[in-house]
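A quick write-up on the structure given underneath.
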Amino acid sequence: MTINCQRSVFVAPCPVGRGLFAERPFRHGELILRLDGPRYEREDPIHFTEEGANLLQTGLKSYIMLQPPGVFANHSCDPNAGIAENRRMIAIRDIAPGEEICFDYSTTMDEGLWTLQCKCGSEICRGLVTDFSHLPSDKREMYLKMGIVQGFIARKERYKKFL
Ligand SMILES: [Zn+2]
């Protein structure tokens, strides 16, 4: 069954469960979705529940609980989307209608709490999704240049360069 969420995207079955798909073409750089949801702190016990996997880290100690349809966006090690300015899911290349919309979860993770066994199937799959700081440096640079790394992580990376 397909759930229609907005005119621009839809949620449908995919190899890892359900995923977010493009209903119409998106141009490189275009806004796909604005993400929002209830706020949670790092100390909240929800991190250790199944629902905790739907939290998006937006600050060193702050998270939002993703809502449909954004919550259905799966991880890819070779993504076609990214999150700019903490909340804006944008296309990082042209996306065709019917294509699954994925972003690299590592661009939002710096917590040492959560990892994911990756089944994205891309040729450059890393196998395990971990914190941003564990990515190879060329990949970190690439994502930083694209402006799709959560602000609190990007600031930390800039600071590291002065050490
Ligand atoms: Zn992968």
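Descriptive notes on the structure:
- Taking the criterion of being away from the ligand (no atom under 14 Å from the Cβ) and on the phi < 0 side of the Ramachandran plot, the residues of segment 74-94 that qualify are ALA81, GLY82, ILE83, ALA84, ARG87, ARG88, MET89, ILE90, ALA91, ILE92, ARG93, ASP94.
- Residues within segment 120-139 that are within 14 Å of the ligand (Cβ to nearest atom) and exposed (fewer than 14 other Cβ atoms within 10 Å of the Cβ), tallied: 7
- Qualifying positions in segment 23-47 - part of a helix (DSSP H, G or I) and surrounded by 14 or more Cβ atoms within 10 Å (Cβ to Cβ): ILE46, HIS47
- Filtered residue count, segment 57-69, keeping only those that are in contact with a strand residue (DSSP E or B) (Cβ under 6 Å, 6 or more places away or on another chain) and farther than 21 Å from PHE152 by Cα: 1
- When segment 140-163 is limited to residues that are in contact (Cβ under 8 Å) with a residue 24 or more places away in the chain and hydrophobic (A, V, I, L, M, F, W, C), the one that is surrounded by the most Cβ atoms within 10 Å (Cβ to Cβ) turns out to be VAL149.
- Being touching a residue at least 24 places away in the same chain (Cβ under 8 Å), buried (at least 19 other Cβ atoms within 10 Å of the Cβ), within 24 Å of TYR143 (Cα to Cα) and not charged (D, E, K, R) holds for only one residue in LEU20, LEU55, LEU60, and it is LEU20.
- Filtered by the rule that a residue be crowded, with 21+ Cβ neighbours inside 10 Å, over 16 Å from ARG34 (Cα atoms) and touching a Ser or Thr at 6+ places or on another chain (Cβ under 7 Å), segment 78-105 gives a lone residue, ASP104.
- Among the residues of segment 109-119, those identified as within 12 Å of the ligand (Cβ to nearest atom), touching a residue at least 24 places away in the same chain (Cβ under 8 Å) and of a type outside the set (Lys, Arg) are LEU116, CYS118.
- Filter result (hydroxyl-bearing (Ser, Thr, Tyr) and at pLDDT below 95) within segment 123-147: THR130, SER133, SER137
The values are calculated or read from the model by the stated rules, or taken from the named source; none is laboratory data. Predicted, not measured: the structure shown is a model, and the values here were computed from it. A quick note on method: Cβ atoms are made from the backbone with ideal geometry, for glycine too, and the neighbour counts reach across all protein chains shown.
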